[in-house]
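Here's the structure we're looking at; comments come further down.
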Amino acid sequence: VSGPLRFEGCEIPGRLEPASPQEIAEVLSGLAARGGAVLVRGGGSRLAIGNPLRRADAVLETAGLGRLLELDADEGVLQAESGISLAKLRSAADAAGWELPLDPPGAAATLGGTLAAAAPGPSFASPRDVVLGIEVALASGELVHAGGRVVKNVTGYDLGKLFTGSFGALGVITSAWLRLRPRPEARAVLLAPAPEDAGLALEAARRPAVRAALLMDAGPAGEAAPDGAGGGMLFELAGDEPAVAGDRAWLAERVGARAAAEGALERARERLGVGAPGGSGEAGPPARAEVRLRVAAVPTALASAAAALRAAGARAVAQPARGLVHACAVLAPDAGPEDAAALLAAARAAAERGRGSWRVEAAPLAVKRGLDVFGEPGPRLSLLRRLKAEYDPRSVLNPGRFAGGL
Amino acid sequence: VLTRPEELLVYEADGLTLGTHPPDAVVLPRTSAEVVSVVRACREAGAPFVPRGAGTGLSGGAVAAEGGVVIECSRMDRILEVHAEDRYAVVQPGVVNAELSRAVAGHGLLYAPDPSSQAACTIGGNVAENSGGPHTLKYGTTTNHVLALELVLPSAEVLVLGSPAGFAPDLDLAGAAVGSEGTLGVVTRVWVRLVPIPEAVETLLAIFPDVVSSCRAVTAIIRAGLVPAALEIVDQRTIRAVEASVYAAGLPTDAGAVLLVELDGVRAAVARQGERVRELCAGAGATRVEIARDEAERARFWRARKGAFGAMGRLAPDLYVHDAVVPRTKLPEILVKVCEICDRHGLRLSNVFHAGDGNLHPNISFDRRDPDELRRVIAAGEEILRTCVEAGGAISGEHGIGTEKRDYMGLLFGEADLEAMARLRRAFDPERRSNPGKIFPTTRFCVESNPKARGYDRVPL
């Protein structure tokens, strides 16, 4: 549709914006027939996540699929197309008396992109648990469905789980049925000095009314350092009035938590984001050469994981109860793989000690070229290959970007 | 290894006693390595294999539908690790569901999914079926509690899918494998999430004049933003069967239905929610609402629910336990239709179900020795499934498809949808040797798929 754009060293000649799920399926089968490929894009918030793109004839945008198809307020479920923005979905759910349990960073985030990246937010970490049913356009040109609109369902394979977190490697999510949550009666956002004791931080994060708990190093603007001395711990409390009041008192007494400034949770959320992708075109070149990565570790190993990343030069945001650390290091603009080596080694070791996983979520192209950004798939690689071969045998979808360079 | 016909007899069926097929052999391994040897031998012989837990499944999932080797996991019953501080445990697949909760109770933790058969069913079977139970309304089903799996593929390759830390860096293959009914390989180890035992639990029993008003109370509770741990309905026929049995819970036998509500969480919040539930039940027409005063009374309330299947043994020699789901708000009208279907076929129906999830269990009492009655049971079952699908529902909420419902898959899914599932299967099991004959229809079909029913034809708002 428009002129060429560059993305991670690839020149992409055009842009496609199909207007319906059926059209997406047709585009894919057309491309498959002549050996073409696309880079799939929702809002672009997480486009930085991925191995270097090998080739693409077009950017396939889901912006034309922006409709809310149904919202059942009595049932607390909705169905929407994948290109709809989360902001729009959130306000629709809110107006019906429900809450959308998806809150990844990125103001432009779409439903499809959030699901494709299984993107956690501070309050709702598990998009896979929100999906009741899914519609996906496959590279074969088929538009397929799994699950449905009911909240409990074991009719056939749970393909919603397969596609949530598949980063567009197996198909393009075109719509989904989601389960909403009741809007909490009470809510509070509190900030405390970072507890010295990792055990206390974990105990605080696990209080029953706490649904977000972020242990943050001081950010670039010092926004997470209420006392100006090395970070803080931000809490979101939500639930019944007595439960929230009880935990507010507990947190005040045990960790010195006080009401946080307006917008503190939203600012903290963006620190879990990945920034602009390393492409040009509308996104523009990245302002800085950053390496952003994520380590998942069991809760008791999380504090040492964060400390190791910090020692390797990164600022970290840890979520103690969830077992997630997001870290960000700023490199020189001309940084090469060797400049990131210590940080990557720290992430790998922390994931191993924490019985978890690691992945790089943003990095300059030169750094990406030296590794698999999804961590090493190890013995699972042959299974990933077979899955890719079954769903996208001609590599029409995001070639090269997925784990194992698939 | 068991091979004598009389030894194989007990393996020809599971909890679904209608479709039977004996295996050629049964093996009882104790370790992952032994499972690998069995699977390797099956590969070399080109033989199918069928993983089996306790055999309590209700859809024929553990039956060797096409013969081959049953890999019975009951001896793989060790809890390998408990990480209380990290809130997970590593177990072998043959660990009995209720045993796991008992074993971790000392740490203040429990394993949340609690199917009705929890005293016998195993974690491996729960993983295969993505089992639910009364408490899934708040806590989710098995899939929400499995962090990782060790899977022996039909090639005898061993993979760990997922990790105890959760958050898969790429594909969520543990998520894709839970509920796959043993068709992707044999699960030999499971990393399960443990949750804290709630500080307070409150159990209410509301008596209603009829089942429709009890369903209205469920809708009112959900709409009010409450998330009880359980919302269960027991209908009049079931109440009478329970009261006439050893499970008698002192329920009024003239009640049209009882609604069991369990709330859990922080003490102060639970007490308030209890009051709210009481009001909502009264508003929906409850004639009486009781709150359990102690553990003994709570157990008595639950006896009415959990003893239901046992009690129904008194009604007839056989019981067909159906399983289907509809949107919760459609429960009243669907129940009326389900009763009408069974009346029309002259069948004895009772209902006991997970109302909060919209998960129906119409139970038909019958005598299989009467071929005409058996035929009517099957016909009514199909009509019930069609009715649920037309209401936007699904044909199984927690029992699985197995052999029982494989030929009804077309009610919900078209050829391309099933092919999308078959692609997943082929990536794991290209030779179709892991539990063949399950989930996928045995016959080709083309006209059954009903996009309207599955809700994918909506016009935009």
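The values are calculated or read from the model by the stated rules, or taken from the named source; none is laboratory data. Only a predicted model underlies this, so the values are computations on that prediction, with no experimental measurement involved. We place every Cβ from the backbone using ideal geometry, glycine too, and count neighbours over all the protein chains shown.
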*Select from the range A:369-406 the residues that are hydrophobic (A, V, I, L, M, F, W, C) and in a loop (DSSP other than H, G, I, E, B) and write down the one among them that is nearest to B:Asp429 (Cα to Cα).*
A:Leu406
*Return yes or no: is A:Gly148 at the interface with chain B (Cβ under 9 Å from one of its Cβ atoms) and modelled with pLDDT of 95 or more?*
yes
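Got at least one residue in the range B:239-248 being at pLDDT 95 or above and either under 30 Å from A:Val373 (Cα atoms) or in contact with a Gly (Cβ under 6 Å, 6 or more places away or on another chain) (or both)? Break it down into steps so the answer makes sense when it comes.
Filtering the range B:239-248 for residues at pLDDT 95 or above gives none.
The answer is no; no qualifying residue exists.
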*Which of the residues belonging to the range B:355-386 are more than 14 Å from chain A (Cβ to nearest Cβ), modelled with pLDDT of 95 or more and under 23 Å from B:Leu231 (Cα atoms)?*
B:Ile384
*Inspect all residues belonging to the range B:179-197 and state whether any of them is within 22 Å of A:Arg179 (Cβ to Cβ), free of Cβ contacts under 8 Å to residues at least 12 places away in the same chain, out of contact with any His (no Cβ under 8 Å at 6 or more places or on another chain) and small (Gly, Ala, Ser).*
no
_Looking only at the range B:136-146, filter to residues that are crowded, with 24+ Cβ neighbours inside 10 Å and more than 7 Å from chain A (Cβ to nearest Cβ); which one of those is farthest from the chain's Cα centre (by Cα)?_
B:Val146
*Answer residue from the range B:219-244, given it is in a loop (DSSP other than H, G, I, E, B) and surrounded by fewer than 24 Cβ atoms within 10 Å (Cβ to Cβ) and is farthest from the other protein chains (Cβ to nearest Cβ) among those*: B:Ala244
*Identify all residues within the range A:349-378 that are surrounded by fewer than 17 Cβ atoms within 10 Å (Cβ to Cβ), within 14 Å of chain B (Cβ to nearest Cβ) and basic (Lys, Arg); write none if there are none.*
A:Arg353
*If you check B:Leu137, B:Leu80, which single one turns out to be over 22 Å from B:Leu319 (Cβ atoms) and modelled with pLDDT under 95?*
B:Leu137
*Considering residues of the range B:255-291 that are more than 13 Å from chain A (Cβ to nearest Cβ) and more than 22 Å from B:Leu331 (Cβ to Cβ) only, the residue surrounded by the fewest Cβ atoms within 10 Å (Cβ to Cβ)*: B:Glu290
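I'd like the residue in the range B:53-71 that is assigned to a strand (DSSP E or B) and at pLDDT below 95 and, out of all such residues, is farthest from B:Asp323 (Cα to Cα). Walk me through it before giving the result.
Going residue by residue through the range B:53-71, those that are assigned to a strand (DSSP E or B) are B:65, B:67, B:69-71.
Now restrict to residues that are at pLDDT below 95: B:65, B:67.
Values: B:Ala65: 21, B:Gly67: 26 Å.
That would be B:Gly67.
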*Considering each residue of the range A:394-406, count those that are surrounded by fewer than 24 Cβ atoms within 10 Å (Cβ to Cβ) and more than 10 Å from chain B (Cβ to nearest Cβ), and give that number.*
5
*Is there any pair linking a residue in the range A:127-144 that is more than 7 Å from every other protein chain (Cβ to nearest Cβ) to one that is assigned to a loop (DSSP other than H, G, I, E, B) and of a type in the set (Ser, Thr, Tyr), with Cβ under 7 Å and at least six apart or on different chains, and which?*
A:Pro127/A:Thr164; A:Val131/A:Thr164
*within 8 Å of chain B (Cβ to nearest Cβ) and either aromatic (Phe, Trp, Tyr) or in a helix (DSSP H, G or I) (or both) - does that describe any residue in the range A:163-175?*
yes
*Identify the residue in the range A:101-120 that is among the small types (Gly, Ala, Ser) and buried (at least 21 other Cβ atoms within 10 Å of the Cβ) and, among all such residues, is modelled with the lowest pLDDT.*
A:Gly106
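I want to confirm something. Restricting to the range B:159-202 and keeping residues that are charged (D, E, K, R) and within 7 Å of chain A (Cβ to nearest Cβ), which single residue is surrounded by the fewest Cβ atoms within 10 Å (Cβ to Cβ)?
Taking the range B:159-202 as the starting set, the residues that turn out to be charged (D, E, K, R) are B:170, B:172, B:181, B:189, B:193, B:199, B:202.
Next, only the ones that are within 7 Å of chain A (Cβ to nearest Cβ) stay: B:170, B:172.
Values: B:Asp170: 23, B:Asp172: 25.
Once the filter is applied, the top-ranked residue is B:Asp170.
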*Odd one out for B:Ser213 among (1) within 11 Å of another protein chain (Cβ to nearest Cβ); (2) over 24 Å from the mean Cα position of the chain (by Cα); (3) assigned to a helix (DSSP H, G or I); (4) not charged (D, E, K, R)*: (1)
